Structure formats: structure tokens, C-alpha cells
């Protein structure tokens, strides 16, 4: 046997990140492996473990207390969309780098929101009329409003747009851009997919339920200003039954999930369907998701997608007309989709007795959580409270259960937030949407308590107010 | 082949006679490793491919690797290649894919369960040196699993770190970080 080769041996092989001061007498040789590997380990750990690591010694405290690590943590826990949106809005204020660690801490400890009234009261301007069960979305830097129901139980078919850009707190200048297309309706859903809106279903004032799909696209012309064009989507499969007051949300930029609603003959549905759109958004294919157990039939509930992978269903009114407060989660993408109910006891939550609701809004906010606002209870009492739902502690169905006990998991699930500043009326069947960073929520319309008449089928009072809900942060 | 260390013949990945390469560890171990497995070690792969050397049965000495670690590395990489092949064969069949995945998860869980903290750390150093990305990712995940939700003392002990904070500094950093520990049970 001839003499063999010998691999070069080094004491600090493999990428040698960290530069001078990397080799360290404190700790076993493993702590000298490339800094990148330690960072990879940290990004697999929950926050308390990351901070425990920082408390081991000075060198690791310095490693952990770096804003570039915390930007990765924010990206991991809040989703890349929020982080990118925060960074791009920061470019305008010319700061070097956002203080990510301080931001993470602030967002985790938020307990209140601040409200500002944005309704332009100048009599000159034409404003969208008061309405409920409309759709409101933030897309392409604009706020888009469509349809809804108004006085006399009539439907509306107008589309309104207001450019927001980066100046979230200025008074809005609504522009009416369309009328008649899509046909008038209320109780429809409209979700954002990339730069487009996808509208589905709804009920018109003859009581006809729909199951058509419309795709809307905003364009900003230099001379023509803002326009929005709607076109009917070609559906190439069996479609779900026509319905209104269902729930929908978009997942990533090509899928839409819907659940339940009120179908033909006023029957409440409990089915789950996924719509997949083609790349050019010209046609779509529906697929029903049949799993057991799944959320029971209901209407006026919400579906919200957190971080592009988990869908949360909450509340609504069930078959027996009862108002619900159950929470269900769907983890995507999984090879076998399954609804999982998250059980919790109302008495264990401070003020939890006010949780059951229908006609509320559930919007994803900065921090990977849901902001739930308004709605009404089984006595038709309208609400004005803000709740934050946090499901980050709940492991996905494929993850091995950790040592967290159920009390620990559920302890931080529900938190009632304080509202400071402007105090809007209690309302239900309003709509809310957030900007990409999740810091600013717009709320428009809904039904509020009438002052002159008692609440009854002819005594509904529709609201036309627009207000802003802000998560107050010090950047 | 004369040798004073352990001479291990690794089972061939395929039934046909595969080319093998001889690896010598720093503590005298000698291993006959199948070429596909050895090429998972990027340090070897670039040695042959980048340098344009002919793959012949010359012996290679690995100065940073001991025989216990190398045998574990060979075990993992051999199985990883098998799972890769099974996965490719099962492509398109959801049930078969799930079965392969579960089988792999089972193997990995058992593999890491048998490793002491010391061994886990030694393996990381070896795999880091040999430059095997997939196995390194697996080992790093395993380290994260071991220190997740553990106390500061445990993490120090795991990494052999000395506490160089003064008691006041420790108190202060404890207070600064208290916000992240609300609602977490003590380790």
C-alpha cells in the first residue's frame, strides 16, 4: 500500500466566522465553531431559551444582543412581510437600522391600541354612504371599499378607493371608481392576493346567494389617477354552493380558503373549500377539504391567515342560532389538512365572558397575532372591545409536544387590549384591514346602536365612519 | 490489510461491488468507506474533484476525526443515502412518502437518543471538519432540542462555559430579560 494522503487539520475549520476574538478560552471547542452555526441553533429556540443562552457568559451576551440577530428573530416570529414593510417605511425616516431587539420586546408587551378618527367631515367631499357587511381591503398602497348593505336592506354596488401610501394618519380622500360591476351584494368576502383582490359570493337584496368570483386590480395612472378594474374569474371545477356571510382568507398569494356561511334557503353551512388561482389569475380551481372533525356550520365568523401558514377560525353564529367563541386552526401546507380545535375555558380568561361574538373583525397585526374587534353577542348587544388572540404557543399538529403544559399554552392565548384616544361606537358587521406591516388597522362602517329607535329589523343604524387603530411603538 | 486499529467494513449501499476508499482516523482506526458515502464528505469530494485526482484506493488520513465519531458519521450518511433513494422511489405516492419520512424520523430520533452531550459535541466538530451539510443541520437541530427550555446553568454545563458575570451584572441582565420569562415554568 502506498503512502496515503493527509487532510489538512485545523483547529478552527469550517467557515471560521467571527474574525478576531473567535477562539476563546471559555468553553469547550464546540463554542469555537463558526458563529453562523450558533446563530442557526439560536433561531431554532424560543425567546426565553435565546435569552438564557445570552445569560451564560459575556461573549454570548454580546452575540445575542445584536440587532441583526433580532431582525432574523422578528422575521421568524412575525413573518417576512411585516419586517420588510417596517424596513421600507423606515427608509423614509433615515435611521440606520431599526432597533429590532427593542421592537420585539415592545411588540410582545403591547397592551393597548390607539384610535384616531379619520372621517373627513367637510361637507364638500363625496363620501361612501354608511353601510355594513361590505368589503374593505388594503392593496397596492390603497384602501378599497366595495358593496355592502345599507338603509332599507338595499344592496350597494359601488367601489371606492383611497390612496394611502406611507402616510397612514392623514385624512382619507375617497374616490368612487366603479359602479355596477360586480353586481350589488353584501355579506361577500374579498381577500388580497399579491396586487389583486379576489371577491367571492355574497347576497343581493332579492335574497339571491352568489358564488361568482371577481378579480380586482388597482392601477395608478399618472394622468388618470387611480382606477380599479374588476373581471369575472373563469372557474374550471365544481364550485361551492352560493352563499353569503361566510368567511374567507388568502394563503400566500395564490390560494383562498373559505368556510361556512348562509346558503340557499337560509341554511347555515359548515364546508371548507380551497380555491387555487392560475399564475396569470385568469382561472381558478376549487377543491373541497373534507376532514373530521371540522368547525360546525356557522355564519358571520372570521378566517385569518397568520404568517402564511396557519389559518385561524373564530366565532360566528351556529345552526342553532347560538353565538360562538370556539377557535379552530388549520396548518398549511401539510400533506393532510386537518382542522384542530383549540379548547379553552371562558371562566379562565379575565373578562372572557364577552368573547362569544358574531359580525366581528379579525385582522392579523404586527407580532403574528390577531386583533379581534367589535361584533355582537347573542342578545344583539354590540361590542367595542379589542382582543388579541395569540396562537404562537400552540404547536403545529406535526410537532412533537414539548414540555409546555396546557395551562402555559393557553395562558397567553387571549388578552384584552385597552383602547386609548378616540372612542368609536360599538359596532358589528363592520370591516377592518391592516397595512402590510400590521401596525395600522383601518375600520369602516358596520351597524351601530340606533339612538332614536330600539334595535329591530327596521331600526338598524348603519355607520359611515372610518377610523384608524394603531399599535403604538417607539421606533 | 494490516492494521492495529479497528478495521470496519461498511456494508455496500448497493449489491454490486462499489468502489471504496480507505480512511484512517487520528487514533488508528481504519475504515473502508463506499465511494457514494465518502463523497458526502465535501472535504473529500473537493479533494478529488477540484484537484482532479483519480479516485483510487489510496488511504486518506483524517487528523481531526476519531474512530468512534467516524463510525457514527458513516452510519448516518449511509442511512441518509438510503432514505434519499427510497424517497425518490416513492415520489408522487403520498402514503409511501409519509412512510419513508416517518421511518427516517424514527431512525434519527434513535440515533440522537444514543448520543451523550459529549458525543454530540464531538460529532459536530467532526462533521464540521468533514463538511457534511445535511448531517450538520441534523446535529445542530439536535443541540437546539437539547438546550430548549433549559436553565442557564444547564446551558453553561452543556457548552462548558464559565460564568464571567459579576453577581450584579447577572442580576441586571436577569431583570432586563424578565419580560420573556413571564408565564414560563422554571426548568
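The values are calculated or read from the model by the stated rules, or taken from the named source; none is laboratory data. Predicted model only: the values in this text are computed from it and were never measured. No Cβ is skipped: glycine too gets one built from the backbone with ideal geometry, and neighbour counts run over all protein chains shown.
Annotations for the structure displayed:
- Test: residue in the stretch A:239-249 that is buried (at least 20 other Cβ atoms within 10 Å of the Cβ) and modelled with pLDDT under 95: no
- Qualifying residue in the stretch A:316-325 (condition: surrounded by 19 or more Cβ atoms within 10 Å (Cβ to Cβ), part of a strand (DSSP E or B) and under 20 Å from the mean Cα position of the chain (by Cα)): no
- Taking each residue of the stretch A:108-137 that is within 14 Å of chain B (Cβ to nearest Cβ) and looking for partners that are assigned to a strand (DSSP E or B) with beta-carbon atoms closer than 7 Å, six or more apart or interchain, yields A:111/A:417; A:111/A:418.
- Residues of the stretch A:256-269 that are on the phi < 0 side of the Ramachandran plot and touching a residue at least 40 places away in the same chain (Cβ under 8 Å): A:256, A:257, A:258, A:259, A:262, A:263, A:264, A:268.
- Matching option when the condition is within 12 Å of another protein chain (Cβ to nearest Cβ) and exposed (fewer than 14 other Cβ atoms within 10 Å of the Cβ), among B:114, B:118: B:118
- Against the numbered list (1) surrounded by 15 or more Cβ atoms within 10 Å (Cβ to Cβ); (2) at pLDDT below 90; (3) assigned to a loop (DSSP other than H, G, I, E, B), residue A:10 comes up short only at (1).
- The set of residues in the stretch B:132-166 that are closer than 30 Å to residue B:37 by Cα and outside any helix (DSSP H, G or I) contains only B:132.
- Lone qualifier among B:107, B:83 - being over 29 Å from residue B:157 (Cβ atoms), surrounded by 15 or more Cβ atoms within 10 Å (Cβ to Cβ) and away from every other protein chain (no Cβ under 12 Å): B:83
- Criterion violated by residue B:65 - all others in (1) assigned to a helix (DSSP H, G or I); (2) more than 8 Å from every other protein chain (Cβ to nearest Cβ); (3) within 22 Å of residue B:26 (Cα to Cα) satisfied: (1)
- Verdict on residue B:134 being more than 7 Å from every other protein chain (Cβ to nearest Cβ) and closer than 15 Å to residue A:64 by Cβ: no
- The one condition from (1) closer than 17 Å to residue A:43 by Cβ; (2) at the interface with another protein chain (Cβ under 9 Å from one of its Cβ atoms) that residue B:161 does not meet is (1).
- Single condition residue B:153 does not satisfy, out of (1) facing chain A (nearest Cβ under 10 Å); (2) modelled with pLDDT of 90 or more; (3) crowded, with 16+ Cβ neighbours inside 10 Å: (3)
- Complete set of residues in the stretch B:47-95 that are free of Cβ contacts under 8 Å to residues at least 24 places away in the same chain and within 19 Å of the chain's Cα centre (by Cα): B:84
- Whether a residue is under 18 Å from residue B:62 (Cα atoms) and more than 7 Å from every other protein chain (Cβ to nearest Cβ) was assessed, and residue B:127 passes this test.
- Residue, surrounded by the fewest Cβ atoms within 10 Å (Cβ to Cβ), within the stretch A:38-75, restricted to residues that are facing chain B (nearest Cβ under 9 Å) and more than 19 Å from residue B:157 (Cα to Cα): A:43
Residue by residue, here is whether (1) touching a residue at least 60 places away in the same chain (Cβ under 8 Å); (2) under 30 Å from residue A:107 (Cα atoms) holds:
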residue	(1), (2)
B:97	no, no
B:111	no, no
B:126	yes, no
B:132	yes, no
B:139	no, no
B:146	no, yes
B:154	no, yes
